[in-house]
Amino acid sequence: MDFLSWIYLAVFVLALGVLIFVRLQLVFTARPNRFLVGFYAVAAVMIGGFTLVTSRTLADYISGFFIAGMLALFALWRRGVTADSLITGVGRVTGLYTLAAVQLTTVDGGCVLEATVGTVTVAKLRLRQSAETVAAFLGEKMEPKRVVIVR
């Protein structure tokens, strides 16, 4: 195995650890975008299959399965609310203390959370929980007057 193969393995293990850590931290999980989940899953399977068919060396297998594995991790990534922040994407974390306002809109099967910093909307998450449940949780973590429920 060459040096780059070890780097690929280390990066994948680190990314898997971050995925597991974030999943354990989520208090409220947002509904995933089915198109993106499907796209990443199909791409991971295709690249994994292509790697099996075309690879000749161990380095080929590692680089191909690294790409497929990272796409699978992107498919498994979830957005949501943790105890002190909003996870709005891979590498996008917004602290609750930085938010100017959180608007919760009641919809069928849950609520839509829109978080703003100043006048800019920085996050829009569709949650399965009711607006009252999310507002009660956020009211404990930030100033209750910054959490607004819209019917």
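Scanning segment 70-117 for residues that are out of contact with any helix residue (DSSP H, G or I) (no Cβ under 9 Å at 6 or more places or on another chain), closer than 23 Å to F21 by Cα and among the hydroxyl-bearing types (S, T, Y), which turns out surrounded by the fewest Cβ atoms within 10 Å (Cβ to Cβ)?
Ranking the qualifying residues of segment 70-117, first place goes to T98.
Considering only segment 1-24, state which residues are free of Cβ contacts under 8 Å to residues at least 60 places away in the same chain and closer than 27 Å to A83 by Cβ.
V13, L14, A15, L16, G17, V18, L19, I20, F21, R23, L24
Is there any pair with a first residue in segment 139-151 that is farther than 25 Å from D108 by Cα and a second that is open to solvent by less than 90 Å² (accessible area, probe 1.4 Å) and part of a helix (DSSP H, G or I) whose Cβ atoms are under 9 Å apart and which are 6 or more apart or on different chains, and what are they?
Taking only residues 6 or more apart or on different chains, the pairs are K141/L96; M142/L96.
Got a number for residues in segment 118-132 being open to solvent by 70 Å² or more (accessible area, probe 1.4 Å) and in contact (Cβ under 8 Å) with a residue 24 or more places away in the chain?
2
Does L4 satisfy the condition of being closer than 28 Å to T116 by Cβ, out of contact with any Leu (no Cβ under 8 Å at 6 or more places or on another chain) and either surrounded by 12 or more Cβ atoms within 10 Å (Cβ to Cβ) or of a type in the set (G, A, S) (or both)?
Answer is no for this residue.
Tally the residues that are of a type in the set (V, I, T) and over 10 Å from the mean Cα position of the chain (by Cα), restricting the search to segment 82-104.
Residues meeting the conditions: 4.
Please find, within segment 40-69, the residue that is most open to solvent (accessible area, probe 1.4 Å) out of those that are part of a helix (DSSP H, G or I) and closer than 15 Å to F3 by Cα.
Ranking the candidates gives L58 first.
List pairs: first in segment 89-105 and under 18 Å from L26 (Cα atoms), second of a type in the set (F, W, Y) and modelled with pLDDT of 90 or more, Cβ under 9 Å, 6+ apart or cross-chain?
What qualifies is G89/W77; V90/F74; V90/W77.
Could you check how many residues of segment 22-39 are open to solvent by 90 Å² or more (accessible area, probe 1.4 Å) and among the aromatic types (F, W, Y)?
Residues meeting the conditions: 2.
The values are calculated or read from the model by the stated rules, or taken from the named source; none is laboratory data. Being a predicted model, the structure only gives us computed values, none of them experimental. Ideal geometry is used to build each Cβ from the backbone, glycine not excepted, and the neighbour counts take in all protein chains shown. Areas reflect the complete protein model, heavy atoms only, side chains present, ligands, DNA and RNA absent. Shrake-Rupley method; radii C 1.70, N 1.55, O 1.52, S 1.80 Å.
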